[in-house]
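Contents: one structure, followed by commentary.
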Amino acid sequence: MTRERLVDARLHLLSRQVLDADGEPVRAVDDLELTGPDGQEARPGEAAQVGAILVGPTLFTRLFGGAVPASRLPRIAWSDVAHVGTAIELSVRSDELDADWVELWLRDHVVGRLPGGRHDAEADG
Amino acid sequence: MNVGDLLDARVEEPDGTRVGVVVDVRFALAVTEPEDGDGGSGGEGGEEDRENPDEPLSEHTAARDEVGAARLVGLLVSPRSGGSFLGYERTDVRSPWPIPQLVRRRHRGTFLVDWADVAEVRTAGEPVVVRLVGGYERRSPAL
């Protein structure tokens, strides 16, 4: 059965933790991108919906002001969202998301080259 | 356009009269309820399984409601304060006294305006300006 649930952005969505399908924390919601039904940018007065969750390094702009252009912020498509509760849970694994590219790049290019950097401490117990 | 552009935007009538500030943006989530007795561990047994820490979270997210599109309903406009509601627009919350009473007083006159009643969003300047259509309707902000 499908019904509609009302949520407010500030109360229920912004700054919430995003978890992937395994329950691993991905990022927090920094902003939401609005799109029209055709996938184009939302226009005032016309039907609009959330197209993507924007996540990104907002610490610097919070400290020093200004704003990162939305096109440069990593995004998670709203179609990947499975459940909205105290956290926002995704139906995909974080490895499949571009949102973690900084972490993945550092893992491959920096941490992986350190002695012991390819050793999985949890797996070896 | 992002939600962050709309939050704290100045709201004006068509003739430029200031109406207030956007304090929140409301969405309607399409929620699909899980069917009862679905799968092997449905019903009351499913509740016990959720306590098991070894079970991946995805197991029980699959058994819960699933969200679809998040349709933009409208903007919550407060004539006084740009601050947060702290959730007290849900009219049945009365405690801890006197916080809800004070927050409600600060936000009295707050209304919901349909997205269809928004004529223009000017994101160029600072602050962002939301201009409403003539004859827009002030709706109840209750969830």
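Structure notes:
- Look at (1) under 24 Å from residue B:32 (Cα atoms); (2) part of a loop (DSSP other than H, G, I, E, B) and you find that residue A:66 fails only one, number (1).
- Among the residues of segment A:5-19, those identified as more than 9 Å from chain B (Cβ to nearest Cβ), in contact (Cβ under 8 Å) with a residue 24 or more places away in the chain and either outside any strand (DSSP E or B) or buried (at least 17 other Cβ atoms within 10 Å of the Cβ) (or both) are A:16, A:18.
- Residue in segment B:19-30 that is more than 17 Å from residue A:14 (Cβ to Cβ), surrounded by fewer than 17 Cβ atoms within 10 Å (Cβ to Cβ) and at pLDDT below 90 present: no
- Segment B:110-134, subset out of contact with any Lys or Arg (no Cβ under 7 Å at 6 or more places or on another chain) and over 20 Å from residue A:43 (Cβ atoms), residue surrounded by the most Cβ atoms within 10 Å (Cβ to Cβ): B:110
- Evaluation of residue A:79 against the conditions (1) part of a strand (DSSP E or B); (2) facing another protein chain (nearest Cβ under 9 Å) shows that the sole unmet condition is (1).
- Segment A:96-125 - residue that is touching a residue at least 60 places away in the same chain (Cβ under 8 Å) and assigned to a helix (DSSP H, G or I) and, of those, farthest from residue A:75 (Cα to Cα): A:100
- Scanning segment A:38-51 for residues that are facing another protein chain (nearest Cβ under 7 Å) and in contact with a Leu (Cβ under 8 Å, 6 or more places away or on another chain) yields A:41, A:42, A:48, A:49, A:50.
- Set A:2, A:35, A:61: member being surrounded by fewer than 22 Cβ atoms within 10 Å (Cβ to Cβ) and at the interface with chain B (Cβ under 7 Å from one of its Cβ atoms): A:2
The values are calculated or read from the model by the stated rules, or taken from the named source; none is laboratory data. Keep in mind that this is a model prediction, so the values were computed, not measured. We place every Cβ from the backbone using ideal geometry, glycine too, and count neighbours over all the protein chains shown.
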